[in-house]
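First up is the structure itself, then whatever we jot down about it.
The values are calculated or read from the model by the stated rules, or taken from the named source; none is laboratory data. Computed from a predicted structure; not experimentally measured. Here the Cβ positions follow ideal geometry from the backbone for every residue, glycine too, while neighbour counts run over all protein chains shown.
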Amino acid sequence: MPDARTHDMITYATAVALAPLSQVAQVSLLGLPQLAAWPNSAWLVIAHIISGVMFSPDLDLDSAIDNRWGIFFWIWRPYMWLVPHRSFWSHSLVIAPLLRLAYFYVVMIGLIIGGTWLLGLVGIVVPDYHTQIVRALSQISADHPDTVTAFLVGFCTGSAAHSIADWLVTGGKQILRRVGIRVTRDYRNHDRYVPRYRRRT
Ligand SMILES: [Zn+2]
């Protein structure tokens, strides 16, 4: 499997390639004018990079990716425990990235509700941020459906670039093995994976 740095390079390279592709698709298939298509392409590329770098399929493993979340790495712990490594739930092309996005959304809303409740216990009244966020997001989807679609497509392509690279490398190793070249199956270095208890802080 490519390591995190290789996956990052693949993410950035595919993002650059996607920008003109997205423009062509919107102009020729959807009939949008060039100028109207640019913001959607920009969102697609941004989502592609965020998805590949921060919401990588390898969040199903205690790897370099959850370290990128800094002190918030624990947000992904339940995901890591529940989702088997390289399974359909983390490495499929469409369901997996959307599941990660939904998971992140649910965790964020849950944390805000929990925080509001805890502050309420000590007498601090906080505005209902969770309902405001839900309302704002549904408003954005209603007002800018094209932008939201572009973001979701980019979020899926960012994840797909990772999964496809994984599959290609695995397939390549199997072919090498079939022609008699032994490739060791080794997870020790996968995404520079180091068990948390052995990591330097
Ligand atoms: Zn992977």
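Got a number for residues in region 1-31 being under 14 Å from VAL153 (Cβ atoms) and either surrounded by 14 or more Cβ atoms within 10 Å (Cβ to Cβ) or of a type in the set (Ser, Thr, Tyr) (or both)?
Selection size over region 1-31: 8.
Go through SER163, SER138 for me and flag whichever is within 22 Å of the chain's Cα centre (by Cα) and within 16 Å of the ligand (Cβ to nearest atom).
On the way: SER138 fails: within 16 Å of the ligand (Cβ to nearest atom).
Every option except SER163 fails the conditions.
Any idea which of ARG196, ARG177, ARG185, ARG192 is under 21 Å from the mean Cα position of the chain (by Cα) and modelled with pLDDT under 85?
Values: ARG196 fails: under 21 Å from the mean Cα position of the chain (by Cα); ARG177 fails: under 21 Å from the mean Cα position of the chain (by Cα); ARG185 fails: under 21 Å from the mean Cα position of the chain (by Cα).
Result of the check over ARG196, ARG177, ARG185, ARG192: ARG192.
So, LEU168, is that one under 21 Å from ILE10 (Cβ atoms), surrounded by 14 or more Cβ atoms within 10 Å (Cβ to Cβ) and not small (Gly, Ala, Ser) or not? Break it down into steps so the answer makes sense when it comes.
Working: under 21 Å from ILE10 (Cβ atoms): yes; surrounded by 14 or more Cβ atoms within 10 Å (Cβ to Cβ): no; not small (Gly, Ala, Ser): yes.
Answer is no for this residue.
Can you list residue pairs whose Cβ atoms sit under 6 Å apart, with the first residue in region 149-165 being at pLDDT below 95 and the second being within 11 Å of the ligand (Cβ to nearest atom) and of a type in the set (D, E, K, R)? Count only pairs 6 or more apart in sequence or on different chains.
Sorted first by the residue in region 149-165, then by its partner, the list stays empty.
Within the bounds of region 110-127, is there any residue that is hydrophobic (A, V, I, L, M, F, W, C), farther than 30 Å from TRP167 by Cβ and surrounded by 14 or more Cβ atoms within 10 Å (Cβ to Cβ)?
Yes, region 110-127 contains at least one residue that is hydrophobic (A, V, I, L, M, F, W, C), farther than 30 Å from TRP167 by Cβ and surrounded by 14 or more Cβ atoms within 10 Å (Cβ to Cβ).
Within region 69-97, track down each residue that is under 26 Å from LEU137 (Cα atoms), in contact with a Ser or Thr (Cβ under 9 Å, 6 or more places away or on another chain) and either free of Cβ contacts under 8 Å to residues at least 60 places away in the same chain or more than 14 Å from the ligand (Cβ to nearest atom) (or both).
Residues satisfying the conditions are TYR79, SER90, VAL94.
Determine which member of the set THR157, THR149 is more than 16 Å from the ligand (Cβ to nearest atom), polar (S, T, N, Q) and under 16 Å from the mean Cα position of the chain (by Cα).
Numbers: THR157 fails: more than 16 Å from the ligand (Cβ to nearest atom).
Selected residue: THR149, the only one of THR157, THR149 that is more than 16 Å from the ligand (Cβ to nearest atom), polar (S, T, N, Q) and under 16 Å from the mean Cα position of the chain (by Cα).
Among the listed residues ASP128, ASP143, identify the single one that is at pLDDT 95 or above, more than 22 Å from PRO97 (Cα to Cα) and either of a type in the set (Asp, Glu) or within 16 Å of the ligand (Cβ to nearest atom) (or both). Step through it out loud before you land on a result.
Details: ASP128 fails: at pLDDT 95 or above.
Residue meeting the stated conditions: ASP143.
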